[in-house]
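**Student:** I am attaching a structure below and will ask some questions about it afterwards.
The values are calculated or read from the model by the stated rules, or taken from the named source; none is laboratory data. Since this is a predicted model, take the numbers as computed values, not measurements. Cβ sites come from the backbone with ideal geometry, for glycine too, and all protein chains shown count toward neighbours. Each accessible area value is taken on the protein alone, full model and side chains, heavy atoms only, with ligands, DNA and RNA left out. Shrake-Rupley method; radii C 1.70, N 1.55, O 1.52, S 1.80 Å.
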Amino acid sequence: MSARRRRRAAAQEEQEEEEEEEEAGSDKEVDLEERLCELDLRSDSDVPDVPPPTDSTPEILKRALSGLSARWKNWWIRGILTLAMISGFFLIIYLGSFMLMLLVLSIQVKCYHEIITIGYRVYHSYDLPWFRSLSWYFLLCVNYFFYGETVADYFATFVQRREQLQFLIRYHRFISFALYLTGFCMFVLSLVKKHYRLQFYMFAWTHVTLLITVTQSHLVIQNLFEGMIWFLVPISSVICNDITAYIFGFFFGRTPLIKLSPKKTWEGFIGGFFSTVVFGFIFSYFLAQHQYFVCPVEYNSETNRFVTECEPSELFQMKKYSVPPLLQAVLGWETVNMYPFQMHSFALSTFASLIGPFGGFFASGFKRAFKIKDFADTIPGHGGIMDRFDCQYLMATFVHVYITSFIRGPNPSKLLKQLLILQPEQQLSVYKTLKSHLVEKGILQPSLRG
């Protein structure tokens, strides 16, 4: 056989092999498409049922509202409990920053419990070993990590005075990793034959729940340390939007907003937006007048108390602004006095009313996926704690990003606390470097002795 014929035969064989591979690949694609179609055609009946929550409405309320229709009965129950929660919230604000931090931690733990409990109820028949214990263990590990970071960051002077805490702070991240690694190994040891896939589902369930609850609550506390106003305005804006959107939707709602939440209407959404923007602007004006709300929260190691005393920054000092010509004809004002923070409150309120509700839509989709009406029955007429705070977590992240992007600058007080932790020779090195820099800038005289 000539060389030309051999090359031709080899080329023909390669072409045939490629055609076979293409056919095999197309068969695989067809099989994959068929499997995906089968998954898409699966109905929600394949999802295990979750037992419906019980009615936790107090008997005194049931008797008082027994003559009303279900719609108005729910209206009054929600209204009464809303006023009670708002009153309790203001009481905690009065008690101070530390109580607010405890409130955030308590809400975080309860929200985590509600989501984890749904997972347990859905798959309880499998009797997964160690599932609940490991879930709470991972919650403890993650909280230890985040709150340890906060202690090291904001309580440096307090930690420096106690040797046992110095060890914990110095090796904090290693200890946190060792704790998590212990839980990881326990999970691997708990794997049971025939339930591997389900156990990995629940492992992912736990970690996503940690991401949603613990990480976000940590950001809430970080915002609180920047000043109570950065905590109160965003949270109050979400609450205001939730209430006003419900009221506008209840009385005027006609046009459905989104399929995930059939009761949500465009009328409620739009009414809630305008109400929230106005509320945020006015509420910010009153809070900006008081040091208690605008000063960063700091820990005084001498008195062992949180303090909120400072010279208010420019954000909280009244300034005169020119009114745009178009509005001058309407308002009749050429200038207006306001706090710069009120402009920032507009951004916070806008996010709370336009983007914040998507946290609620996400929660609605989650509940529909598992055929439940509420996360729990903790609050009569409202559902679980997670049902009330599903929008707050998005808000907390936005506020934290907003502060770091547009507000926060170098903090001399915080920097000084970090310098005091250094060893004497390190402090001396910083001093010499700073002195040399100030001499070069002409701020200090070269003859100055240090």
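**Student:** Spot the failing condition for I221; the list is (1) farther than 22 Å from C310 by Cβ; (2) within 16 Å of the chain's Cα centre (by Cα), and only one is missed.
**Tutor:** Every listed condition holds for I221 apart from (1).
**Student:** Now for a different question. Hey, among V294, V323, V277, which residue is under 15 Å from L232 (Cβ atoms) and open to solvent by less than 30 Å² (accessible area, probe 1.4 Å)?
**Tutor:** Checking each option against the conditions leaves just V294.
Condition check ((1) among the hydroxyl-bearing types (S, T, Y); (2) modelled with pLDDT under 90; (3) farther than 16 Å from D377 by Cβ; (4) surrounded by fewer than 18 Cβ atoms within 10 Å (Cβ to Cβ)) across all residues:
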residue: I86; (1), (2), (3), (4): no, yes, yes, yes
residue: L95; (1), (2), (3), (4): no, yes, yes, yes
residue: L105; (1), (2), (3), (4): no, no, yes, yes
residue: Q108; (1), (2), (3), (4): no, no, yes, no
residue: C111; (1), (2), (3), (4): no, no, no, no
residue: T117; (1), (2), (3), (4): yes, yes, no, yes
residue: R121; (1), (2), (3), (4): no, yes, no, yes
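**Student:** From the list L210, L219, L287, exactly one residue is over 30 Å from L416 (Cα atoms), modelled with pLDDT of 90 or more and touching a helix residue (DSSP H, G or I) at 6+ places or on another chain (Cβ under 9 Å). Which is it?
**Tutor:** Details: L219 fails: over 30 Å from L416 (Cα atoms); L287 fails: over 30 Å from L416 (Cα atoms).
Only one candidate passes the filter, namely L210.
**Student:** As an exercise: evaluate I407 against (1) of a type in the set (A, V, I, L, M, F, W, C); (2) crowded, with 16+ Cβ neighbours inside 10 Å; (3) in contact (Cβ under 8 Å) with a residue 40 or more places away in the chain and give the number of the one condition it does not meet.
**Tutor:** (2)
**Student:** How many residues are more than 15 Å from the chain's Cα centre (by Cα) and within 21 Å of W205 (Cα to Cα) if we restrict to region 362-382?
**Tutor:** Here the count works out to 13.
**Student:** While we're on this one: Of the conditions (1) open to solvent by less than 70 Å² (accessible area, probe 1.4 Å); (2) at pLDDT below 80; (3) in a helix (DSSP H, G or I), G381 fails just one. Which one is it?
**Tutor:** The single condition G381 does not satisfy is (3).
**Student:** Okay, moving on. When residues of region 160-213 are filtered for being of a type in the set (F, W, Y) and either under 27 Å from A396 (Cβ atoms) or in contact with a strand residue (DSSP E or B) (Cβ under 9 Å, 6 or more places away or on another chain) (or both), how many remain? Explain how you work it out, then say what you get.
**Tutor:** From region 160-213, those of a type in the set (F, W, Y) are 167, 171, 174, 177, 180, 184, 187, 196, 200-201, 203, 205; that's our starting set.
Okay, now just the ones that are also either under 27 Å from A396 (Cβ atoms) or in contact with a strand residue (DSSP E or B) (Cβ under 9 Å, 6 or more places away or on another chain) (or both), so 177, 180, 203, 205.
Counting residues in region 160-213 that are of a type in the set (F, W, Y) and either under 27 Å from A396 (Cβ atoms) or in contact with a strand residue (DSSP E or B) (Cβ under 9 Å, 6 or more places away or on another chain) (or both) gives 4.
**Student:** Check every one of the strands (runs of 3 or more DSSP E) wholly within region 242-323 and list those with 2 or more residues that are in contact (Cβ under 8 Å) with a residue 24 or more places away in the chain.
**Tutor:** Filter on region 242-323 gives 261-265, 298-300.
**Student:** Turning to a different aspect of this structure: Yes or no: region 348-362 includes at least one residue that is open to solvent by 50 Å² or more (accessible area, probe 1.4 Å), more than 19 Å from L257 (Cβ to Cβ) and either among the polar types (S, T, N, Q) or not in a strand (DSSP E or B) (or both).
**Tutor:** No; the residues of region 348-362 include none that is open to solvent by 50 Å² or more (accessible area, probe 1.4 Å), more than 19 Å from L257 (Cβ to Cβ) and either among the polar types (S, T, N, Q) or not in a strand (DSSP E or B) (or both).
**Student:** So, in region 306-332, exactly how many residues are of a type outside the set (G, A, S) and either within 21 Å of F351 (Cβ to Cβ) or within 27 Å of the chain's Cα centre (by Cα) (or both)?
**Tutor:** Residues of region 306-332 that are of a type outside the set (G, A, S), as a first pass: 306-312, 314-321, 323-328, 330-331.
Now drop any that are not either within 21 Å of F351 (Cβ to Cβ) or within 27 Å of the chain's Cα centre (by Cα) (or both), which leaves 306-308, 315-316.
The number of residues fulfilling the criteria is 5.
**Student:** Within region 189-209, which residues are open to solvent by 70 Å² or more (accessible area, probe 1.4 Å) and over 25 Å from the mean Cα position of the chain (by Cα)?
**Tutor:** L189, K193, K194, Y196, R197, listed by residue number.
**Student:** Also, quick follow-up: Could you identify the single residue in L448, L420, L438 that is in a helix (DSSP H, G or I), open to solvent by less than 90 Å² (accessible area, probe 1.4 Å), at pLDDT below 75 and aliphatic (A, V, I, L, M)?
**Tutor:** L420
**Student:** Across region 234-274, which residue is surrounded by the fewest Cβ atoms within 10 Å (Cβ to Cβ) among those that are within 22 Å of V220 (Cβ to Cβ), in contact with a helix residue (DSSP H, G or I) (Cβ under 7 Å, 6 or more places away or on another chain) and not small (G, A, S)?
**Tutor:** I243
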